Structure formats: C-alpha cells, structure tokens
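Read the structure below first, then the notes.
The values are calculated or read from the model by the stated rules, or taken from the named source; none is laboratory data. Here the structure is a predicted model, which means the values were calculated and not measured. Glycine also receives a Cβ, built like all others from the backbone with ideal geometry; neighbour counts cover every protein chain displayed. The area values use the complete protein model at the heavy-atom level, side chains included, leaving out ligands, DNA and RNA. Shrake-Rupley method; radii C 1.70, N 1.55, O 1.52, S 1.80 Å.
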Amino acid sequence: MSKKVPRLFQSFRPEHYQLELHPNRDTMHVSGTVVITGQKLGRPSQRLTFHQHGLTITSAQITHQSKKGVKEILPARINHHRTLDEVRLHADELLYAGTYEITMTFTGDITRPMEGIYPCYFKEGSVEKMLIATQFESHHARDAFPCIDEPEAKATFDLILVSPAGEAVVGNTPIKKQTKHEGKLVTTFETTPKMPTYLLAFIYGEMKHLEAKTKDGVLVRTYATPENAAFTQFALDVAVQCLEFYNEYFAIPYPLPKCDLIALPDFASGAMENWGCITFREVALFVDPANTSVGTKQYVAMVVAHELAHQWFGNLVTMRWWTDLWLNEGFANLMEYFTPNHLFPDWQLMMQYIVDEQQSGMKLDALANTHPVAVPIKHPDEIRTIFDAISYNKGGSCLLMLMQYLGEKDFRDGLRYYLKKHAYGNTDTTDLWEALEHVSGKPVRGFMDAWISQAGFPVVRADVATNSVTLVQEQFIINPLERKKHTGKTLWPIALHTNNALPDVFDQATATYPLPDPASFKLNIGQGSFCRIIYNPEHLAILAKRIKQNELGPLDRLGVLSDAFEAAKAGYQDTVAALELLAAYENEDNTVVWDIIAANLGGIRLVMNDEALRTAMKPFIRTLVAKQVKRLGWKQHAGESHFDTLLRPTIISMASLADEPSVVKEALRQFNEMTKPEDIVPDLRGVVYATAARHGDKTTYEKLLTMHNESTSSEERLTLCAALTDFKQPELYKRSLALIDTDAVRPQDAMYWIIYSMTNRFARAETWHWMKTHWGWLENTLGKDLSFFNMPVYVARTSSDADFLLDYKKFFESVMQPSLERSTKQGIEIIEWQSAWRKRDLKVIKAFFKA
C-alpha cells in the first residue's frame with residue numbers, strides 16, 4: 001500500500017472559506033480566489049501548506065491577525081508539490097501559532113472524469129448541451145480550489161459563483177443575491193453550516209424543477225434537465241416524507257431551510273450527499289410510469305432515503321478520518337431500507353435487506369483478503385478501495401445486529417444522544433459505542449468491537465444430537481488454499497437468536513448445551529447475525545422437512561439454503577446436499593428466497609462453465625419454476641402483492657434461460673411485435689430483450705441498438721445494454737465491445753458494458769482482450785471512479801480457470817497502482833476458490849442434474 005501522507009489539519013485548522021469561482025465552458029478552465037481564515041498550530045515555522053491537485057496558484061498572500069486585531073500582510077512564495085497534492089506557501093519570517101487569513105488566486109481545469117468540477121452532457125432535440133457539476137468526495141475539493149481537504153477540517157463556506165445568465169444555479173444553501181455583470185450571472189450563496197470540504201457542491205445549466213415543502217417548512221426541490229423534470233415527482237414525494245421521518249426519528253430538525261435533489265446526466269456513483277445539494281445519477285431519481293420497473297421505483301426511494309440519512313449521519317456528524325467511513329455509509333446503508341420500510345410497509349424492505357445487503361457483504365468478507373469494517377487509511381489513493389460491500393453492507397448489517405441486541409428504542413435514543421452531543425463535529429467508532437452504552441446500559445463496545453475491528457466473520461458448526469447441541473465457531477473462509485494458511489483463533493460474540501434455551505450470545509470457540517426441543521432447533525432465526533450456520537446432515541434433513549411443510553419463515557428458509565450453498569462452495573459441506581435441499585422449496589413463493597435460488601443456480605452455471613452441465617440443468621430448472629410460472633403468468637394481477645411483482649421477472653427469466661418453450665415463445669412474440677419499449681411492461685423488458693438476444697441474429701441486434709441509441713432513459717439504456725452484450729455471434733458481441741469507448745456509451749455506463757460482456761461466456765475471452773488493449777482509455781476515463789478499482793474483481797468472478805490465473809496476475813501486476821492492490825488480491829482468491837470448487841464438484845453436480 002501507499003506511504004502515509006501528512007495530515008495537514010494537524011498544522012492548520014480552517015474556520016471559514018470565502019470562495020469565488022469562474023468556470024468557463026468554452027475553455028474548460030476555471031479561475032478563482034479563495035480566502036481561508038483559520039488557526040496555525042504548533043511550533044513557529046516559515047511555511048503554511050494546503051491541498052491542491054492540478055491547480056496553478058498564481059498569487060498568494062498571508063495575513064496575520066494579532067490578538068489585538070492588528071493585521072500584518074506578509075508576501076508568500078509559492079511552491080507546488082505535485083506528488084503530495086500540496087501547495088506550500090513560504091514566508092520570509094517565522095509564522096507563530098495564531099489566526100491567519102490566506103488569500104490565493106488560482107486556475108484549474110473542468111475535467112472530463114467525473115470528479116472535481118466536471119461537465120454533464122445532454123441533448124435537447126438535436127442540440128448538445130452541458131451542465132457543470134461537482135463531485136468532491138472523497139478528496140476532490142482540492143481539484144477545484146486550495147483547501148485543507150480532510151473530513152476533520154470542518155469550516156463554513158461563503159461561495160460566489162459566476163455562470164452564464166439565464167441558467168439555473170444550485171448550491172448547498174439558498175441564494176443570498178444574484179446580479180448580472182457583462183452577460184454573466186453572479187450568484188452569492190448564504191453561508192453554509194460548518195462542514196468538510198467534500199460536501200461543498202454546486203450545479204448550473206439548463207434545468208427545471210419540481211418543489212414541495214415539509215410540514216416544518218423546508219423547501220424541497222428536485223432538479224433535472226428540462227425534458228426530464230416531470231419524472232422526479234415520486235422522488236420529491238419520498239424526499240419530503242423522509243425528511244419528516246428523520247426529523248422525528250433523530251429528534252434534530254434538518255438544519256437548512258432548503259434541500260435540493262439534482263439528477264445529473266453524467267455521474268460516476270449512485271448519488272452524493274452534499275449538504276442541501278444532493279446529486280444523483282438519473283436512474284436513481286427518475287420514475288417514469290411508462291418505462292420504470294417496480295424494482296427501479298423501489299431503488300429510487302431507497303437511494304433518496306440513503307442520501308437524506310447522510311444529512312445527519314455524515315454531514316451533521318462526520319467521521320474524523322476515512323478509517324471510519326463505515327460510520328457514514330454503514331448507517332445510511334441500513335436506513336435506506338429501514339426508512340422506506342416505514343413509508344411503504346407493503347414492500348417489506350427489511351426482509352429484502354438480508355438478501356440484498358447482508359448476503360452480498362458476506363460474499364466479499366468470506367475472502368481472506370478482506371478488510372475490517374474500520375480500516376486504517378494512510379493515503380488518499382486508498383480511500384476509494386473501502387467504498388465497498390464491507391463499509392456499506394457489512395457495516396449496515398453490524399448495525400442491524402446491534403439494533404436487535406439493544407432493541408429499537410434504545411438504538412434510536414442512543415443515536416439521538418450521539419448526534420446531539422457531536423453535532424457539527426467529528427467522531428470515531430468509539431464515540432458511537434459510548435453514546436449507545438450511555439443510553440442502553442449494555443456493553444456495546446464489548447459486543448461490537450470484534451465485528452468492526454476484525455476482518456472476516458464466523459461460521460458456527462452446529463452438531464445437533466438427541467438432547468444436546470455442540471457449537472464450534474471459526475472464521476468462514478471460502479478459499480480452501482487460504483483456509484489452510486489460516487491459523488488464527490479469531491472469536492466473535494455471536495447473537496444466537498434461537499428458540500431453545502441457549503445463551504443469548506455465544507463467544508467461545510466451542511461449547512455444548514442441553515437442547516430441550518431439538519426438532520424445532522434453528523440458529524439465527526430471522527438472519528440478524530452476520531454469520532453462517534452449518535448443521536450436521538441429520539439436522540439439515542429435519543430443517544428441510546420443516547421448510548417443505550412451510551413451518552419456517554421466509555428469512556429462515558433463505559438462511560438455511562444460502563448457508564448450505566456457501567458452505568458447499570467453500571468445501572465445508574457436500575454440494576449435492578445443498579442441491580438436494582432445493583427439493584424442499586418446490587412450493588416456494590417468496591421473492592427473497594427465490595433470489596437465493598436463482599443466484600446459486602446461476603453461480604453453478606457460471607463457475608462450472610460446462611456446456612453439458614448447462615443442458616442437464618434446464619429440465620431441473622423448468623420443473624422447479626413451473627408452479628410459479630403458472631401462478632404468476634406474464635401480467636400483473638389485480639391486488640397482487642409487491643413481492644409477487646418483484647418475483648415475476650425472476651421466475652420468467654429462469655424459465656427463459658432453461659428454454660421453457662412457452663416462455664421463450666411468448667418473449668419472442670412480444671419482442672417481434674413491439675415497435676417501441678413502452679409496448680412491453682417495464683418489469684419484463686429485460687427478460688424479453690435477453691431472450692431475443694440469445695435466440696437472435698443481426699436483425700435482432702440492429703433493433704436493440706436502434707432502441708438504445710434513441711432512448712433518453714438511463715434505465716432503458718442499461719436494460720438494452722445487458723441484451724446487446726448477450727449475443728453469441730462473434731461479429732455482434734465484438735460490435736458491442738467496439739461501442740464502449742465511443743459517444744454511443746456514456747462513461748458512467750462503460751463499466752456495465754464490460755461486466756455484462758464478461759458474463760457472456762461466448763464473449764468472455766474477447767472482452768478480456770478488449771479490456772487489456774483499452775486499459776489506457778479506461779484509466780484515463782474511469783481511473784478515479786469507485787467502480788474502476790473493482791475491475792479485477794469483476795473479471796475474476798467470471799473465471800474458474802486456473803490457467804487463466806497466470807494471465808490475470810501478469811496483466812494486473814503490469815498496471816498495478818495502490819487503488820487496485822486489494823481488489824487484485826481478492827480477484828486472485830476468487831479465481832482460486834472457484835477453480836477449486838469446479839475441480840472438486842463438477843462431476844458430482846453433473847451427475848445430480850443428469851439424474
């Protein structure tokens with residue numbers, strides 16, 4: 001990993017920024033002036049240091065203010081230290097501790113990569129237009145102006161922005177005044193709350209908005225390009241409800257008079273929580289009744305809830321350093337389900353949390369090359385490597401465990417105490433534990449430290465006998481090669497959540513307990529604990545019988561099946577036993593359980609990578625889904641549950657992949673008869689397009705490509721991208737690969753094209769070749785996006801070929817940089833465990849399906 005960089009906050013603490021920026025669309029440059037008021041700390045020196053990246057500081061002046069208020073102006077010599085992203089201002093005399101005012105003028109660039117100040121392109125008719133937007137998290141404020149660009153360096157900001165007249169302008173705070181000068185609009189914003197640099201934001205350009213007010217009078221607006229503003233109505237309604245919910249839940253009013261949510265045509269992540277000026281990828285804010293699937297509508301509500309939770313957890317109270325990023329993201333990860341679960345109870349989002357977030361967090365954390373939730377960060381280049389399923393999904397899952405351990409009321413009251421005590425300040429993990437202990441009286445730190453400070457998670461082996469159970473815990477490591485090296489005696493305090501008379505928490509390596517009712521015994525009821533359970537075969541058979549008789553709830557059915565499959569992949573348990581367990585699910589009708597069934601059958605197809613096996617699986621899958629295909633059909637039924645609407649595309653897709661004749665026939669009929677996307681219901685478009693691609697030819701490809709190029713919907717373009725990368729003909733999947741670095745594909749979507757192409761077994765080798773030969777383009781275009789550092793993992797997930805591993809290692813070693821180190825090690829491990837699983841079980845899996 002990288003060398004440790006100095007923390008500039010330890011020598012200078014900013015209190016206020018007076019910032020004036022002049023971005024210029026025509027030249028793609030920005031000029032500006034910043035006046036930073038703050039405190040110099042420590043011993044006398046002749047230097048003050050600030051962050052900058054890619055800027056040229058053209059003049060600088062240091063003003064010292066004595067305790068008596070006398071100001072002394074000192075000239076400063078400028079030294080740009082590019083390696084450390086610093087500008088160093090040198091004075092001719094010693095600078096003592098005290099209050100200083102530093103003035104700098106500077107120039108920089110509006111950058112095509114989507115960080116710092118950058119352009120967002122869109123078309124109105126045939127006219128190309130551009131918004132100017134910002135993305136400063138994690139450390140890109142320094143791309144826009146000199147500053148102390150660290151989360152602990154909180155300050156207030158007065159921003160003056162010069163932009164073209166006649167265009168909308170949005171910032172963190174309301175507009176204080178606007179004047180016109182030489183055809184330009186000069187906007188002065190009101191002073192921001194005390195906040196870190198990464199939360200400063202502004203957007204300007206041709207936009208329209210919708211608006212509403214909360215019951216407390218906060219003005220909420222949703223902005224988008226003119227023709228898309230109408231699609232933000234649902235997001236606006238959700239935002240108002242979320243703000244009202246959080247005001248009550250946290251017992252701290254939202255501290256700004258307004259909250260804007262802006263949909264950007266180009267955006268690298270899903271959304272960004274800039275205080276009062278939240279930015280979104282369009283697909284995360286738009287709901288178009290004619291084109292938006294139920295799943296995407298749900299996603300919009302969840303992203304809005306996630307970003308609004310940050311207005312308190314992250315913005316009002318901020319982590320001290322990136323080591324505790326999980327405090328921001330783990331909490332928002334949980335609240336994006338918890339809050340809409342209250343607003344839309346029929347969606348049963350807390351049930352979906354287990355399959356969508358907890359299970360995916362476990363998949364990454366099952367690698368030996370994982371990292372603790374709270375992970376030391378030494379260099380800014382490492383920050384983006386922890387915006388992952390550990391910080392988000394595992395962090396949120398650990399908070400869910402804690403909520404269940406404390407009870408919802410003590411958990412909520414502890415959060416209120418924490419936010420009130422540390423408002424406008426910075427914290428680390430121990431501050432949260434102290435607040436929750438203060439309110440609950442329970443040993444929160446003792447319960448949580450192991451989950452946050454240790455990498456990995458436990459598997460509990462449960463050997464159930466006639467009247468007792470023996471439990472053994474160890475770290476779950478999916479890669480047998482790494483498991484052999486692992487000699488640690490790591491222990492976790494595991495909440496057992498069982499209906500038998502066992503202790504609430506199991507924190508020993510092994511223990512035997514009496515069992516009054518072994519027939520009803522199950523651990524981790526409700527799947528709240530972040531662990532896997534492996535039962536002895538006899539007890540697994542008892543659980544299978546109870547599942548078949550519908551005696552277990554959906555989360556417990558999900559847990560038994562998921563744990564059995566993951567244990568099989570790792571070699572802890574027999575894969576055939578996991579497959580035989582599927583027979584107990586013949587009457588399954590719950591979408592979260594079907595998500596696990598579909599994912600594991602899809603995983604077998606992908607990892608085993610055997611054509612004879614794929615053929616043998618099809619009759620089994622057709623039989624497995626038959627009842628649900630008949631029950632659900634193709635059309636939504638009157639009064640149908642939200643879960644059935646979510647389940648339909650999963651079932652139809654599984655049936656189509658298994659070549660169920662009636663399903664394939666209907667999908668192809670719908671595709672051939674359609675003249676526009678709206679002819680097919682949004683929930684099933686992906687299935688119809690994919691079926692057409694698998695059975696299609698050049699004519700099919702041309703129809704899909706035309707729809708893609710004509711669509712203005714982000715969701716629709718991604719749905720079509722999945723189909724366009726799914727053809728088996730070389731000339732067609734090569735055409736799709738050739739589109740990636742052209743104007744036909746937005747840079748924000750490029751990674752989807754690559755991932756989908758890698759998943760296509762026919763196109764995999766060509767995609768790998770394309771990626772290697774276009775690596776320079778990828779690095780220049782996406783090199784600082786959060787998705788880019790995950791590229792080695794995306795590639796590895798599609799391979800179980802030990803021979804490929806040599807080429808994989810050679811390539812990523814040749815392009816290595818700090819942000820790729822961890823994901824490359826994870827990728828190597830993924831290929832190793834998938835190769836081991838294939839080698840160990842391909843024959844028995846084929847025999848199972850052929851039988």
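Taken together, the residues in region 422-446 that are touching a strand residue (DSSP E or B) at 6+ places or on another chain (Cβ under 9 Å) and open to solvent by 10 Å² or more (accessible area, probe 1.4 Å) amount to 8.
Filtered by the rule that a residue be in a strand (DSSP E or B) and loosely packed, with under 14 Cβ neighbours inside 10 Å, region 185-217 gives GLU211, LYS213.
Test GLY270 against the stated conditions and say whether it is open to solvent by 10 Å² or more (accessible area, probe 1.4 Å), in contact with a Lys or Arg (Cβ under 7 Å, 6 or more places away or on another chain) and more than 17 Å from ARG221 (Cβ to Cβ). It is true that GLY270 is open to solvent by 10 Å² or more (accessible area, probe 1.4 Å), in contact with a Lys or Arg (Cβ under 7 Å, 6 or more places away or on another chain) and more than 17 Å from ARG221 (Cβ to Cβ).
Going residue by residue through region 527-543, is there one that turns out to be touching a His at 6+ places or on another chain (Cβ under 8 Å) and part of a loop (DSSP other than H, G, I, E, B)? Within region 527-543, one or more residues are touching a His at 6+ places or on another chain (Cβ under 8 Å) and part of a loop (DSSP other than H, G, I, E, B). For region 113-149, the set of residues classified as among the basic types (Lys, Arg) and either at positive phi or part of a helix (DSSP H, G or I) (or both) consists of ARG142 only. Assess whether ASP563 counts as being under 20 Å from TYR353 (Cβ atoms) and buried (at least 20 other Cβ atoms within 10 Å of the Cβ). The answer is yes for ASP563. Which ones in region 701-716 are open to solvent by 20 Å² or more (accessible area, probe 1.4 Å) and either touching a Ser or Thr at 6+ places or on another chain (Cβ under 8 Å) or hydroxyl-bearing (Ser, Thr, Tyr) (or both)? Listed by number, the residues that qualify are THR706, SER711, THR712, SER713, GLU715. Would a scan of region 179-187 turn up a residue that is touching a Leu at 6+ places or on another chain (Cβ under 7 Å) and either at pLDDT below 95 or more than 28 Å from THR296 (Cβ to Cβ) (or both)? Yes, some residue in region 179-187 is touching a Leu at 6+ places or on another chain (Cβ under 7 Å) and either at pLDDT below 95 or more than 28 Å from THR296 (Cβ to Cβ) (or both). On inspection, ALA144 fails the criterion of being buried (at least 23 other Cβ atoms within 10 Å of the Cβ), modelled with pLDDT of 95 or more and touching a Cys at 6+ places or on another chain (Cβ under 7 Å). The numbered conditions (1) within 30 Å of GLU382 (Cα to Cα); (2) surrounded by 13 or more Cβ atoms within 10 Å (Cβ to Cβ); (3) at pLDDT below 95 are all true for GLN65 except (1). Among the numbered conditions (1) open to solvent by 30 Å² or more (accessible area, probe 1.4 Å); (2) touching a residue at least 60 places away in the same chain (Cβ under 8 Å); (3) among the β-branched types (Val, Ile, Thr); (4) in contact with an Asp or Glu (Cβ under 8 Å, 6 or more places away or on another chain), the only one that ILE175 does not meet is (2). Take the conditions (1) farther than 26 Å from ASN479 by Cα; (2) hydrophobic (A, V, I, L, M, F, W, C); (3) in contact with a Lys or Arg (Cβ under 9 Å, 6 or more places away or on another chain); (4) open to solvent by less than 10 Å² (accessible area, probe 1.4 Å); LEU778 misses just one of them, which is (3).
Only a single criterion out of (1) open to solvent by less than 40 Å² (accessible area, probe 1.4 Å); (2) among the aliphatic types (A, V, I, L, M); (3) over 24 Å from THR58 (Cα atoms) is not satisfied by VAL127, namely (1).
Tell me the residue from THR650, THR645 that is under 32 Å from the mean Cα position of the chain (by Cα), closer than 30 Å to ASN550 by Cα, open to solvent by 20 Å² or more (accessible area, probe 1.4 Å) and at pLDDT 95 or above, please.
When all the criteria are applied, what remains is THR650.
Within the set MET771, MET816, the sole residue that is within 26 Å of MET114 (Cα to Cα) and open to solvent by 60 Å² or more (accessible area, probe 1.4 Å) turns out to be MET816.
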